[in-house]
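Written out below as structure tokens is the structure these notes cover.
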Amino acid sequence: MKLRLFHISIAASIVCGALIIFLFKTYIPEALKTGESWAVLILDDKQEDRKIREALAGIGSFISESSQEILLDDFSEIRKIPLDSYFSEIEIFDPRNDGYAAKLSAFFVRDGMRFFFLSLDNNFKKSYTKLEKQIVSLLPDMPHSLLILGKSRSVLPDFLLLVLACIFALYLAKSRKLFVFMLPMLLFLALGGAHALLLAAILAGIWELLREPSIELYASRSYQRRESDYAGSGIKGFFERLKPFRLNMFFIMLFLLLFFIVSFIGQFFPFPAVFILAVFFLVYFLSCESEAEQRKERSHTLFTPVLLYPSRSKTFSFIPMMLPFIAASVMAMLLPLILPSVPGAESSPAYDYPFTDREYLVNKDDFRRHLAFQQAFSFQSEDCSGPEEYHQYHLGEDGLIAGSSEFRGTVEGRVFTEPPFPLEKLMDFLIQYSKDTL
């Protein structure tokens, strides 16, 4: 029973660390966990593409068959026809059908499946779990499969960096017994990447800034019933004891603001940031209570002199505590430039779509050939074997064509600005992903 609160505090610290794992698993954006990544939604090919994409518009801009356009030489201009309606307007034997539409369509619809792609960039704030729940709510009773394809980096390097930072911080800590309670939750912040390591630095700074005021407040418990208590009782006495630590309180407020700013930048805001902060103060409170209980069991009253003036050396002791975590955060930002990415996927797969199959990938050269064909079609011979030879015709006395000669001038084609390849980002990712998975 002697160390009951101590054991509760240790257990609470470990449980809170485990909750942080769940937090990062559920709420942290997929792009932050895997770097560049794409969501792939797989449905039955009998589902109407355009209606599905419109229903999912609230989630993001899905790329699918109905989102693509095929260029077509309409003789007077280059038209853009939606891919999902292309073959209802153009016959298969139409000489303007260069095969690009069929290849592009096969990428989105084949083997009884219809595919929708969504880029999970850094502005996309949904995790796999939240994305799946939202798709279910928008497409109720519609069987589907959701995959997340990404080039993820192992959390092991970040975890090892954080372990080293915690060891250095523990060495520098003025009260190591109290700082030990913070280790589980700080270590699990490695799951959030470089920004989460920066949050660990801020929390370490707040911990050190709270240390001296906490010692004063807990030591004063033994003297509050005495007439000689210098601060008095109640709220007034509480703030009186904190007067020597006004600079500490200022930096704590500043660090809390910085904590939320970094959380916003790292996309941990609002719930993850508030939860981590609440866990931090809970564990800090339990650790202080545990230390007070142990002193009480030893019948030892902590003596703390009355501080008449603020102490700069004690106030600014938070800087050494933060430095190891700041260094770890910087290293975590630099590691992706050094270490290779590891292919990763999170899914509840109902299908196994071979994304490494190069046969169905459409590249930029395919698009350029399609563009060049449509631009030149009006100036080609009927068999599309090459440019037509143009002639200059002469009229006879009767006003009819009397003959012709080879035209020596030039024929100006239509001016057409080359549009960007709309699938360049997706195809570059899939090509690189296929290389990494081989």
Scanning the range 195-205 residue by residue, those in contact with a Gly (Cβ under 8 Å, 6 or more places away or on another chain) and more than 14 Å from residue 17 (Cα to Cα) turn out to be 195, 198, 199
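Table: residues versus (1) closer than 23 Å to residue 9 by Cβ; (2) hydrophobic (A, V, I, L, M, F, W, C).
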| residue | (1), (2) |
| --- | --- |
| 162 | yes, yes |
| 167 | yes, yes |
| 171 | yes, no |
| 177 | yes, no |
| 181 | yes, yes |
| 185 | yes, yes |
| 188 | yes, yes |
| 194 | no, yes |
| 199 | yes, yes |
Can you tell me which residue in the range 419-433 is surrounded by the most Cβ atoms within 10 Å (Cβ to Cβ), limited to those that are within 16 Å of residue 360 (Cβ to Cβ) and out of contact with any strand residue (DSSP E or B) (no Cβ under 9 Å at 6 or more places or on another chain)? 427
Looking only at the range 42-58, how many residues end up being modelled with pLDDT of 90 or more and over 19 Å from residue 110 (Cα atoms)? 3
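The values are calculated or read from the model by the stated rules, or taken from the named source; none is laboratory data. What you are looking at is a predicted structure, and each value in this text was computed from that prediction instead of being measured. A quick note on method: Cβ atoms are made from the backbone with ideal geometry, for glycine too, and the neighbour counts reach across all protein chains shown.
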